[in-house]
Number of protein chains: 2
Amino acid sequence: MTYTPIKNVLHEKIAIDTQVTIRGWVRSRRDSKAGISFLCIYDGSCFDSIQSIIPNNLNNYKNEILKLTTGCSVEVTGKIVKSPSQGQKIELAVITLKVIGWIENAQTYPISKTRHSIEYLREVAHLRPRTNIIGAITRIRHCLSQSIHRFYHEQGYFWVSTPLITTVDTEGSGEMFRVSTLDITNLPRTKQGKINYNEDFFGKETFLTVSGQLNAEAYACALSKVYTFGPTFRAENSNTSRHLAEFWMVEPEVAFAGLQDISKLSETMLKYVFKAVLEENYDDLSFLTQNINKKIIPRLEKMLESNFLHVSYTDAIQILLASEKKFEFDVKWGIDMSSEHERYLVEEYFKAPVIVENYPKKVKAFYMRLNDDAQTVASMDVLMPGIGEIIGGSQREERLEILDARMMEMAIEPNKMNWYRDLRRYGTVPHAGFGLGFERLVSYVTGMSNLRDVIPFPRTPGSANF
Amino acid sequence: MTYTPIKNVLHEKIAIDTQVTIRGWVRSRRDSKAGISFLCIYDGSCFDSIQSIIPNNLNNYKNEILKLTTGCSVEVTGKIVKSPSQGQKIELAVITLKVIGWIENAQTYPISKTRHSIEYLREVAHLRPRTNIIGAITRIRHCLSQSIHRFYHEQGYFWVSTPLITTVDTEGSGEMFRVSTLDITNLPRTKQGKINYNEDFFGKETFLTVSGQLNAEAYACALSKVYTFGPTFRAENSNTSRHLAEFWMVEPEVAFAGLQDISKLSETMLKYVFKAVLEENYDDLSFLTQNINKKIIPRLEKMLESNFLHVSYTDAIQILLASEKKFEFDVKWGIDMSSEHERYLVEEYFKAPVIVENYPKKVKAFYMRLNDDAQTVASMDVLMPGIGEIIGGSQREERLEILDARMMEMAIEPNKMNWYRDLRRYGTVPHAGFGLGFERLVSYVTGMSNLRDVIPFPRTPGSANF
């Protein structure tokens, strides 16, 4: 691989007059009347393509170069020169150009040079990374994932991989995918006529996980600070722009920590990754700010300087009740806030990121720590303008007897969770953590309102293509 | 979280005489005749525990401190002092000690201070991270994953997440887990009596992926250099120490690259991560070298200085035929080498890591690039002493007509793979990549011979506990 990434050429890491060889794909071709061709070539290493000036005295000028279309792959050797054109500092004075791969039929190439709708691009998800927009999103997604790993590493956390195939329904919602190797056309039966899961691969009924949290708790109660970063699944039949059946989640879990510790952690982490993406992907962000949403860069910059606001669930309900806004769903203490309520709080009332704390126990999961009022739990949701809930977390119930009582209230058999209860029987510690929906983060940063556009190959009800 | 990680205290980042508060769990307690107690406390931040010297004039000395057992959680405030004992530079002169969590019954605590067998620890996978050995493995696993992300980032690769739920059987082995939300007790049927997958969640039959490669290729053919790092699944009913049903894989995919490029990449990457783990986790490696396998540190150090050897499959078969070794499986050109053959090559013949190249097409997958001899494909396996195959890769077939012919030879319907074929129809480029079994890497580095011990909660035939 003795070729040079276009990023290195454009970012002036190489001296003028140096001869380089680049490889990439044609973004566009223009031929001047003077008999010179201009090719814009990209290789994905950065947002911009490099302008290549091709004199008409090249051997293959007529036979090949004049036939190049968007998407053709080429190898180009040339000299780095200062560009006389506006909008670019550097261009390539081409010495040789070799065509590597042609476009079968430029007329029917699914992502020709013309602008395509984002909905259309989903139908060609295997080719859409070749577009400016999906290229930019991919590089930003990479930066976000790298900076999350870097953040936790620097803060002394250990990455742990929690299992994807599980028997546990962490959130108790029952919206799980079954995982099985049973012959579905000839299911084994017990004597009683029930399906015999003893004969399934794992010897019992198994599903895809909805969260790595419970397993991460076991590791936090030994290594103090851990985080997961892996896929999770929801078999929820909701075909909205805010849901995916398969998505990535980041779940830090911290021993000796309470609700305020992880609220602070969520703010520190988000600011860390926003700063990283502003530093490392400004060109990609600029393109999206110009083409998708003018607020993208300004709101990231503003976020770095603002402090997240904290409000209790009870106060938030008061604010909603006092508003003159007509909501679709009625507001009263005890409801699970819906997205219209959350958006009112962050977008109209506070106009800032808000951490809502201490929700009623009835709308939250069994593992959240019961507050002294016996009605609320030490939980928190981070709400962001323009996107709503991005993070949900809690302090975990570390007192065995209260945990058992909460399980029974919610019809969970404590003895089916003995391993989880063991963490409270042996050297229990206060601990807390949260889950960040990674695609929601990418969506916020890129301004792409549909999660289908911020993950390479989205899985949604009725769709598992490619 | 105003407490201090034990790592910071022990690694002399804090001045002698400073007062600190640490939190962690009791590894062991010893009481001297002089009325002083010695507590070893760990918090997982590093291998070593800190020795804490407790005078008998503390208020809770008799009532609590003398009752502490292995696994209790504590908060300790004390002064950092130089240790007079051998084997440690620093200890903690305790001022106050608060017990946070007791052990329900020290006699029945599953991981009391005595040494436990590694097989037994698998039965208490939720508590085993509290042991020295699994703690060390967890920190090393973390370092390996971090350094892999860092390596690819520094080399200009972008992390892409490829889908877990898929309709494609990349390796053509048929060993896949079905993913479904159909009501298994009342399966919907078509008029012909077949199972009606139109009614399943994704509207068709879906499975858990065995590899992200095909999807990664689509991104490499747009961004030049990408890698995946995510879970993959094999529903292979082989209950061996070398297989997991759910494991993590790292798959770089590089445009404009050939077999030698990715062979070189595999060597550079492995050396990068070995160097990182020697630098960052020497204490964990030392413990494993003393207790598990004396070769762990020496072989990593040796690896950094050695060059990986390259041998063609054809030459490797000649070597095996010329050996006087009696193999269980007969050797002849065309076989898929079994592990006894691989081990002979690396452990007895070459005594070094070996990259075997250009396997017969009949033992490899449809997507590997056909060599000019029309009998072999541009494939490579990296074999390591003590572990066998750790990496498998290939140059991909970028020529549409040959790809189609290979698919038909292997009874794959080309038109079912139209999206994959599109990558060859539109601006095709030579490209190549490999897959690294992450748990095999952790196994090699830690010297743990069973993969069940290098992943937190292993999934194997008959077992999906916790």
Condition check for B:Val226: facing chain A (nearest Cβ under 10 Å), aliphatic (A, V, I, L, M) and either assigned to a strand (DSSP E or B) or on the phi > 0 side of the Ramachandran plot (or both): yes
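Among the candidates A:Leu270, A:Leu309, A:Leu278, A:Leu320, which residue alone is over 26 Å from A:Ser379 (Cβ atoms) and assigned by the TED database to the domain that holds A:Met448? Before you say what the answer is, go through the steps one by one.
Details: A:Leu270 fails: over 26 Å from A:Ser379 (Cβ atoms); A:Leu309 fails: over 26 Å from A:Ser379 (Cβ atoms); A:Leu320 fails: over 26 Å from A:Ser379 (Cβ atoms).
Step by step, each of A:Leu270, A:Leu309, A:Leu278, A:Leu320 is checked, and only A:Leu278 is over 26 Å from A:Ser379 (Cβ atoms) and assigned by the TED database to the domain that holds A:Met448.
Take A:Glu236 and tell me if it is within 8 Å of chain B (Cβ to nearest Cβ), within 17 Å of A:Asn450 (Cα to Cα) and charged (D, E, K, R). Quick ask: steps written out before the conclusion?
Working: within 8 Å of chain B (Cβ to nearest Cβ): no; within 17 Å of A:Asn450 (Cα to Cα): yes; charged (D, E, K, R): yes.
Taking the combined requirement at face value, the residue does not satisfy it.
Which of the following residues is modelled with pLDDT under 95 and not acidic (Asp, Glu): B:Ser338, B:Ser312, B:Ser286? Steps first, answer last, please.
Details: B:Ser312 fails: modelled with pLDDT under 95; B:Ser286 fails: modelled with pLDDT under 95.
One residue alone meets the criteria, B:Ser338.
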Positions within the range B:100-139 being within 23 Å of B:Ile297 (Cα to Cα), more than 10 Å from chain A (Cβ to nearest Cβ) and of a type in the set (A, V, I, L, M, F, W, C), in sequence order: B:Ile118, B:Ile133, B:Ala136, B:Ile137
Identity of the residue in the range B:49-93, within 25 Å of B:Phe287 (Cα to Cα) and free of Cβ contacts under 8 Å to residues at least 24 places away in the same chain, that ends up nearest to the other protein chains (Cβ to nearest Cβ): B:Gly87
Residue list for the range B:180-193, filter: at the interface with another protein chain (Cβ under 8 Å from one of its Cβ atoms) and more than 37 Å from the chain's Cα centre (by Cα): B:Thr185, B:Leu187
Close pairs (6 angstrom Cβ cut-off, 6 or more residues apart or separate chains): free of Cβ contacts under 8 Å to residues at least 24 places away in the same chain and closer than 11 Å to B:Pro456 by Cα in the range B:113-134, not aromatic (Phe, Trp, Tyr) and not in a loop (DSSP other than H, G, I, E, B) anywhere: B:Arg128/B:Leu121; B:Arg128/B:Ile134
Failed item, numbered, when B:Leu39 is tested on (1) crowded, with 20+ Cβ neighbours inside 10 Å; (2) among the hydrophobic types (A, V, I, L, M, F, W, C); (3) at pLDDT below 95: (3)
Test: residue in the range B:430-451 that is surrounded by fewer than 23 Cβ atoms within 10 Å (Cβ to Cβ), closer than 17 Å to B:Tyr219 by Cβ and either among the acidic types (Asp, Glu) or within 13 Å of chain A (Cβ to nearest Cβ) (or both): yes
Test result for A:Ile140, among the β-branched types (Val, Ile, Thr), modelled with pLDDT of 95 or more, out of contact with any Leu (no Cβ under 6 Å at 6 or more places or on another chain) and buried (at least 19 other Cβ atoms within 10 Å of the Cβ): yes
Meets criteria (part of a loop (DSSP other than H, G, I, E, B), in contact (Cβ under 8 Å) with a residue 24 or more places away in the chain and outside the structural domain of B:Lys416 (by the TED database)) for B:Lys204: yes
Qualifying positions in the range A:254-272 - more than 9 Å from chain B (Cβ to nearest Cβ), buried (at least 21 other Cβ atoms within 10 Å of the Cβ) and touching a Phe, Trp or Tyr at 6+ places or on another chain (Cβ under 7 Å): A:Ile262, A:Ser266, A:Met269
Filter result (at the interface with chain B (Cβ under 7 Å from one of its Cβ atoms), among the aromatic types (Phe, Trp, Tyr) and within 33 Å of the chain's Cα centre (by Cα)) within the range A:403-429: A:Trp419
Every pair of residues 6+ apart whose Cβ atoms lie under 9 Å, when the first sits in the range A:243-256 and is in the same structural domain as A:Glu217 (by the TED database) while the second is of a type in the set (Lys, Arg) and in a strand (DSSP E or B): A:Pro252/A:Lys225; A:Glu253/A:Lys225; A:Glu253/A:Arg396; A:Val254/A:Lys225; A:Ala255/A:Lys225; A:Ala255/B:Arg23; A:Phe256/B:Arg23
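Across the range A:1-29, which residue is farthest from the other protein chains (Cβ to nearest Cβ) among those that are assigned to a loop (DSSP other than H, G, I, E, B) and surrounded by fewer than 15 Cβ atoms within 10 Å (Cβ to Cβ)?
At the first step, the residues of the range A:1-29 found to be assigned to a loop (DSSP other than H, G, I, E, B) are A:1-5, A:11-18.
Then keep just the ones that are surrounded by fewer than 15 Cβ atoms within 10 Å (Cβ to Cβ); that gives A:2, A:12-13, A:15-18.
Working: A:Thr2: 10, A:Glu12: 17, A:Lys13: 12, A:Ala15: 20, A:Ile16: 22, A:Asp17: 24, A:Thr18: 19 Å.
It comes out as A:Asp17.
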Residue in the range A:141-158 that is in a loop (DSSP other than H, G, I, E, B), more than 24 Å from A:Asn415 (Cα to Cα), at the interface with chain B (Cβ under 8 Å from one of its Cβ atoms) and touching a Lys or Arg at 6+ places or on another chain (Cβ under 8 Å) present: yes
Residue in the range A:452-463 that is more than 24 Å from B:Leu164 (Cα to Cα) and more than 8 Å from chain B (Cβ to nearest Cβ) present: no
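Going by what's in this entry, would A:Glu280 be described as touching a helix residue (DSSP H, G or I) at 6+ places or on another chain (Cβ under 7 Å), farther than 30 Å from A:Asn371 by Cβ, among the acidic types (Asp, Glu) and within 14 Å of chain B (Cβ to nearest Cβ)? Before the answer, list the steps.
Values: touching a helix residue (DSSP H, G or I) at 6+ places or on another chain (Cβ under 7 Å): yes; farther than 30 Å from A:Asn371 by Cβ: yes; among the acidic types (Asp, Glu): yes; within 14 Å of chain B (Cβ to nearest Cβ): yes.
Taking the combined requirement at face value, the residue satisfies it.
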Pairs where the first residue, in the range B:397-419, is more than 15 Å from A:Gly101 (Cα to Cα) and the second is surrounded by fewer than 15 Cβ atoms within 10 Å (Cβ to Cβ) and aliphatic (A, V, I, L, M), C-beta under 9 Å, 6+ apart: B:Pro414/B:Met408
Hey, B:Glu91 part of a helix (DSSP H, G or I) and not small (Gly, Ala, Ser) or not: no
Condition check for A:Glu279: assigned to a helix (DSSP H, G or I), under 20 Å from the mean Cα position of the chain (by Cα) and either more than 17 Å from A:Gly386 (Cα to Cα) or without any contact (Cβ under 8 Å) to a residue 12 or more places away in the chain (or both): yes
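Filter the range B:30-48 down to the residues that are part of a loop (DSSP other than H, G, I, E, B) and hydrophobic (A, V, I, L, M, F, W, C), then identify the one that is farthest from the chain's Cα centre (by Cα).
Going residue by residue through the range B:30-48, those that are part of a loop (DSSP other than H, G, I, E, B) are B:32-35, B:43-48.
Within this subset, residues satisfying the condition of being hydrophobic (A, V, I, L, M, F, W, C) are B:34, B:46-47.
Values: B:Ala34: 48, B:Cys46: 20, B:Phe47: 20 Å.
Residue satisfying both the conditions and the ranking: B:Ala34.
Could you say which residue among B:Thr314, B:Thr289, B:Thr240 is of a type in the set (Val, Ile, Thr) and without any contact (Cβ under 8 Å) to a residue 40 or more places away in the chain? Reasoning before the result, please.
On the way: B:Thr314 fails: without any contact (Cβ under 8 Å) to a residue 40 or more places away in the chain; B:Thr289 fails: without any contact (Cβ under 8 Å) to a residue 40 or more places away in the chain.
After ruling out the rest, the residue left standing is B:Thr240.
Looking at A:Val356, is it in the same structural domain as A:Ser312 (by the TED database), touching an Asp or Glu at 6+ places or on another chain (Cβ under 6 Å) and in contact (Cβ under 8 Å) with a residue 12 or more places away in the chain?
Details: in the same structural domain as A:Ser312 (by the TED database): yes; touching an Asp or Glu at 6+ places or on another chain (Cβ under 6 Å): yes; in contact (Cβ under 8 Å) with a residue 12 or more places away in the chain: yes.
Here the answer is yes, as A:Val356 does meet what is asked.
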Test: A:Phe366 is away from chain B (no Cβ under 14 Å), in a loop (DSSP other than H, G, I, E, B), closer than 30 Å to B:Gly24 by Cβ and not small (Gly, Ala, Ser): yes
Selection within the range B:245-287 - over 16 Å from B:Tyr157 (Cα atoms) and in contact with an Asp or Glu (Cβ under 6 Å, 6 or more places away or on another chain): B:Phe247
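The values are calculated or read from the model by the stated rules, or taken from the named source; none is laboratory data. Here the structure is a predicted model, which is why all the values come from computation and not from measurement. Cβ coordinates were reconstructed from backbone atoms using ideal geometry, including for glycine residues, and neighbour counts include every protein chain displayed.
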